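Asker: One structure is given below, represented as structure tokens, and several questions about it will come after.
Derivation of every value follows stated rules applied to the coordinates shown; laboratory data play no part. It should be emphasised that the depicted structure is a prediction, and the values quoted were computed from it without experimental measurement. Backbone-built Cβ (ideal geometry, glycine too); neighbour counts: all protein chains shown.
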Amino acid sequence: MNRRSLQIAVLAALTLGTIGLRVSGSSPARTVQAETVAERVVQPMILSSGQLAYVREVPLSSEVIGRVAQVLVHEGEHVQQGQLLLTLDASALRAEVEQNQARLSASDIQIEQMQLKVETLTREFGRTEELARSQFVGPAALDEARHKLRSAQVDLRASHENRRQALAQLSIAQQHLGKTEVRSPLTGTVVAVPIRVGETAIPSTGGIPGSQLMSIADTSAMVAEVQVDESEISSVSVGQRARVHPAAKSSAGLEGRVLSVGLAPKAGAQQRSYLVRVQLAGNADALRTGMTCRVELFSSGLAPTLAIPLQAVLTDGSSASEAGAAREAGRGAADGAGQVWVVNGGRVERRDVRLGLSDDTYQQVLSGLRPQDRVVTGPSRLLRELVNGDSVREDGGKAGTRDTARGDAQGQAGEARS
């Protein structure tokens, strides 16, 4: 066969192949990843941010003005309830106590004098009364003796009241003297000591220098304090599951439970929000109070429902992987319409679905799919390029891995429900 004959034969073969493909309507199968539609627990969550704090932290301030004489503990030291932490210079208050003790002693002496006077005048009144009965003295002398006795009795009662006043002043002075010794209100750890020896302690809560002596905290338990908007606070309750992501830790987060939900909105905020405290269940040794964190609050008590992976859903012509990114930014999926690609007999068909709640992995499907349907989950670029009737084949390795992950997710969802 000469060269020209060979060229004609090759051209004829290519032409026949093209005609054969057009006649059969076939095209190369496109490789996709797919997952089976099944019932899962979809747990929507509320995202919020805040900071960490110890469950119980007590800032100590002075109740009297005084110069700091001793600081007996240091930051990080473990202390017992009632342990002496700090002392103030007590010389002035000690002198005040002695002064009031002297006033109390003077009151006792005055009472003793008035008692003697009353006893004397009582005897004089008795004698005058007898003389009046014998008519040796007139009524005027008897009235005068009675008046002197009653005046002395009034003075005695006044002396007793003066003594009560002196005793109260002494008690106040002794209390002030006792407040020069600052003791720990709980067993815990010293987390801050802003005061120094020689500085003046001031009884104030205004944050001025000298108003805070130190802080004692129970560091064995920590909470995340976050503000939840009024539109979402009704979905938060005590005991609800949460996950805390401290900025200082790059791990997958720490599990937690809602400890308390505020009843009053945050004061002074333009947008009403409520304080929610989440107690951490994991190891918080490396964390410190005041650290920033992000908190995910999960809905609880939800029953399994028909759901598909987020990346399988098409909304407004884009894949739900992009919708998932929007949800991470705080725009949670609401009831709405969407589409999915369903694998049927080696080909795909676009099917309309009605969507419900979503979490960070799955989207609830209210209608449009049945259990055991196979939906295309990727690749994400291919989801936007498919057309009805395209021939596809499933990536067995990735699909199998996906189904295994789905089983693990269902197991975790069961644990979440418990």
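Asker: Counting only residues 5 or more places away or on other chains, whose amide H sits under 5 Å from the amide H of Arg40 once H atoms are built in the peptide plane?
Answerer: Thr305, Leu306, Ala307
Asker: Subtracting the Cα-Cα distance from 0.36 nm times the residue separation, let me have the gained length for Ala337 to Ser237 in nm, one decimal.
Answerer: Once the chain is fully extended between Ala337 and Ser237, it gains 33.0 nm.
Asker: Tell me the Kirkwood hydrodynamic radius of the stretch 220-282 in angstroms, computed as one over the mean inverse distance between distinct C-alpha pairs.
Answerer: 12.4 Å is the Kirkwood radius here.
Asker: Further, regarding this structure: For Arg393, which sequence-distant residues (separation of 5 or more, or a different chain) have an amide H within less than 5 Å of its own amide H, given hydrogens modelled in the peptide plane?
Answerer: Amide H neighbours of Arg393, under 5 Å, 5+ apart: Arg30, Thr31, Val32.
Asker: Another question, then. For a quick check: sort His74, His176 by the number of other beta carbons within 10 angstrom, fewest at the front.
Answerer: Arranged by neighbour count, lowest to highest, His74, His176 become His74, His176.
Asker: Per residue, what volume in Å³ does the convex hull of the Cα atoms of the stretch 40-166 enclose?
Answerer: Per residue, the Cα convex hull of the stretch 40-166 comes to 312 Å³.
Asker: Shifting gears a bit: I'd like the Karplus ³J(HN,Hα) series for the stretch 31-36: coefficients 6.51, -1.76, 1.60, θ = phi - 60°, whole numbers in Hz, and an x wherever there's a Gly or Pro.
Answerer: Listing the rounded values in order: 7, 10, 9, 9, 9, 7 Hz.
Asker: Quick query: amide H of Leu355 versus all other amide H atoms, modeled in the peptide plane; which residues come in under 5 Å with a sequence gap of 5 or more or a different chain?
Answerer: Gly336, Ala337, Gly338, Leu366
Asker: I need Tyr362, Tyr274 ordered by Cβ neighbour count within 10 Å, fewest first.
Answerer: Tyr274, Tyr362
Asker: Ok, one more. I'd like the Karplus ³J(HN,Hα) series for the stretch 159-168: coefficients 6.51, -1.76, 1.60, θ = phi - 60°, whole numbers in Hz, and an x wherever there's a Gly or Pro.
Answerer: Values per residue, Gly and Pro as x: 5, 5, 5, 4, 5, 4, 5, 5, 5, 5 Hz.
Asker: With only Lys, Arg, Asp and Glu charged, each at its Cβ (+1 for the first two, -1 for the last two), find how big the charge dipole of the stretch 119-171 is about the Cα centre; round to the nearest 20 debye.
Answerer: I would put it at about 160 debye.
Asker: Here is a further query. Obtain the radius of gyration and the Kirkwood radius of the stretch 136-206 from its C-alpha atoms and give Rg over Rh.
Answerer: 1.48
Asker: Now a separate question. Extending each Cα 7 Å along its Cβ direction at Val154 and Ala303, get the distance between those two points in nm, one decimal.
Answerer: If labels sit at Val154 and Ala303, their model points lie 8.7 nm apart.
Asker: Using the 10 angstrom Cβ neighbour count as an exposure proxy, how do Ile216, Ile109, Ile46 rank, fewest first?
Answerer: Ranked by crowding around the Cβ, least crowded first: Ile109, Ile46, Ile216.
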